[in-house]
Every structure is written in structure tokens, then in C-alpha cells.
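Below is one structure, written out as C-alpha cells, with a few remarks after it.
The values are calculated or read from the model by the stated rules, or taken from the named source; none is laboratory data. Everything numeric here is computed off the predicted structure, so don't read it as measured data. Don't worry about glycine lacking a Cβ; one is built from the backbone with ideal geometry, like all the others, and counts go over all protein chains shown. We work out accessible area using only protein heavy atoms, side chains counted, and drop any ligands, DNA or RNA first. Shrake-Rupley method; radii C 1.70, N 1.55, O 1.52, S 1.80 Å.
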Amino acid sequence: MKYKNVISDLAASFFISTTLITLGSAIIGSLYLKEVTFGYYAFFSPPLIGLLSSLLGFVGYSKREFSVSEAIARKGIHLFLIEAMIFGLNYASGVRFSPGFSIILALFIVFVFVSVNVIIWLNDKRVADAFNKELEFFQKGMN
Amino acid sequence: MRVTVRKIKNKEQEQVVIECVDLTQEIKDIYSYVLSKGVELPGVEDGHMAKIKLEDIYYFEAVDEKLFAYTQNKVFEIKLRLYEAERAYAPYHFIRCSKSVVLNLMQLKSISPALNGRFLAHLKSGEKVMISRQYISSIREKVFGGNKNEI
């Protein structure tokens, strides 16, 4: 895969992740951590986590072509690394979550991960649909 | 454009003559279409030599230094390298879609998104072939043919 493609994928992943993390943090925070308040520095948290999560996406790229099953396995590793990174960062900074909240956070990470991939897939589907429409004209023009 | 068909008696003298003012893209397309209708290439099937019509080939695939041509229900070994097939048959709408596959666009039914920005090519034979990310733009370019209204 070309370097340019990897960068554009990571950029798309970063912006979608950051948006979803910001929205999710607001929802989860207002539901479960009402008493917690933050300063302006907290605004750096979603883009930082979005960036680190996207960078971990390098695990899904290789010069060699992956088969579909290999690509799915790499996605699984990527998700695991994101979970480990987020829980690891919180633990390292002294934050301790209750088991219940840990499950909610882990599920939220899965939700963001799946959403990012679905949004990217939907964009690819739009490209494929437009291509298929044009392919019909192309083939008719040649016959 | 006027089209004239003149019947002749000798099969070997069959020909198509294109008379045009300029060699436009439309004329080039007609030219490559006519060429593709007459092209046959030699292949080997179960140890026997055979002639394959180029238009019947869905795709070429390189496997272990060998090149294979896939038709509706047959596979032929071709004595060419993949890049040679890609170059030789590019005017007939064959295009590279991955490191090991050259696809006949005329036998492509549709594409659908796969993982990691790749696409799956659904062939008219029902087979599926992976399109690598790095080749999708050249395939789109070929199909859209410089159409500025593309995606």
C-alpha cells in the first residue's frame, strides 16, 4: 500500500475518532461522572487519544497484501491495542475505574472503533456505487 | 457516424476500415473494441495447447512464476509474464488490479468495498477478485475516462 494512502486513512480515522470520542466523553461523563470537572486542558484529551488510536492503526498496514481473514485479525489487534492504550494511560496517570465503569468504557471504545470503520466503509461504498454506475456506461460504450 | 457492411467471399480478407477526420477517444475505443474481437492467444489446458479468445478471459493471475488465464469455467496457463500481459492487453481494457492480477474490465460486474480501503471485484462469472488500494485510482480513471464529474 502506498504511503500517501496510509496517511489519508490515518487522517480520516483521526478526525472521525476525535469527533466520536468528544461526543462519547460528553455523554458518558454527564451520565456517570457528573461530579467530575475539568479545566481547559481536557480539550486536548480527545484529539490526543484520537491521534494515538489512529497511529496504532499502522498495525493494519503492510507492503504485503493481506487476505480478508488477515485484515480482520489485524483489526482485532488494533482494537485490543486501543483498549490497552486507554486503560494503560488512565492507570499510569493514577485514575482507577470501578469494574462497572470499566465495562462501559471498554464498550464505548468498541463502539467508537466500529463506528470509525463503518463510516470509512460507507465512504468506500459511495465510491463503489458511483464506479458501478459509470462502469455500466463504460461497458455499453464499448459494446 | 455512417456504418457500412460489405460482404466478401474470402474469410481471410475480412477487415474493418475506420475512416475518420481525427483520432478521437471515441475512434480509439472503436479501434480497440474491433481489435479485441479478433484477438486469440495460445494457452495450455491440461497439457494441451488451446486458443483462447481474449474477450472470454475474465482475468490473468500470476501464481508461483506462472501466468494463468481464467475464463467462465476453464483455466489456461499462458506463456507470458504478468507485466507483459498487462502491457499487451491494456488496449483491450485489461488493467492491473493487484500485484498478481490483471482484470478484464469488460467482464467486471461491479465492485464493493472490502477492508483497509480495498475493493472486491465481482466478475460476471460470479468469481470475486481483490482490488488493491494502489490500483483503484487507475481503474477509476480508465472507467471514468477523464470524466470531470467523477466522485
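Can you list which of the GluC sites (Glu not before Pro) found in segment B:38-90 are DSSP loop residues with at most 16 other C-beta atoms within 10 Å?
B:Glu65
In square angstrom, rounded to the nearest 10, how much accessible surface does B:His48 have for a 1.4 Å probe?
130
Over all directions, what mean area does the Cα convex hull of segment A:96-139 project, stated in square nanometres?
The Cα convex hull of segment A:96-139, projected and averaged over all directions, gives 3.3 nm².
Under the definition of Cα pairs under 8 Å and six or more residues apart, what whole-number percent is the relative contact order of chain B?
Computed value for chain B: 13 percent relative contact order.
How large a share of the accessible area of chain A, in percent, is made up of carbon and sulfur atoms when the probe is 1.4 Å and the other protein chains stay in place?
Carbon and sulfur together cover 73 percent of it.
Put a dot 7 Å past each Cα toward the Cβ at A:Ala84 and B:Ile8; how far apart are the dots in nm?
Calculated label separation equals 7.2 nm.
Report the per residue volume, in Å³, of the convex hull enclosing the C-alpha atoms of segment A:1-58.
73
Please report the Cα spread of the protein assembly as shown along all three principal axes, rounded to whole Å, starting with the longest.
95, 46, 27
If one computes the Cα centroid of segment A:71-102 and of segment B:108-147, what distance in Å separates the two points?
35
Roughly speaking, to the nearest percent, how much of chain B's 1.4 Å accessible area is carbon and sulfur?
48
Could you bin all the Cα-Cα distances of segment B:72-151 into 10 Å bins starting at 0 and give me the percent of pairs in each, rounded to whole numbers?
17, 50, 29, 4, 0
Can you tell me the accessible area per residue over segment B:11-150, all protein chains present, probe 1.4 angstrom, in square angstrom?
58
Would you mind computing Rg(Cα) / (2.2 N^0.38 Å) for chain A, counting N as its residues?
Output field value: 1.30.
Summing +1 for each Lys or Arg and -1 for each Asp or Glu, what net charge is found among the other residues whose Cβ lies under 10 Å from the Cβ of B:Gly43?
0
Hey, can you list the DSSP H helices of chain A whose Cα span along the axis is 18 Å or longer and whose average Kyte-Doolittle score is at least 0.5?
A:3-32, A:68-92, A:99-142
Does a label point 7 Å from the Cα of A:Val118, set along Cα-to-beta-carbon, have any residues of segment A:24-38 with amide nitrogen under 16 Å, and which are they?
In segment A:24-38, the label zone of A:Val118 (backbone N under 16 Å from the point 7 Å along Cα→Cβ) covers A:24.
Report the FRET efficiency, 1/(1 + (r/R0)^6), for A:Val110 and B:Asp22, where r is their Cβ-Cβ distance and R0 is 41 Å, rounded to 0.05.
Efficiency computed from Cβ-Cβ geometry: 0.10.
If the viscosity is 1.567 mPa s and the temperature 4 °C, what Stokes-Einstein diffusion coefficient in µm²/s follows for segment B:1-122 when Rh is the Kirkwood radius over Cα pairs?
Here the translational diffusion coefficient equals 79 µm²/s.
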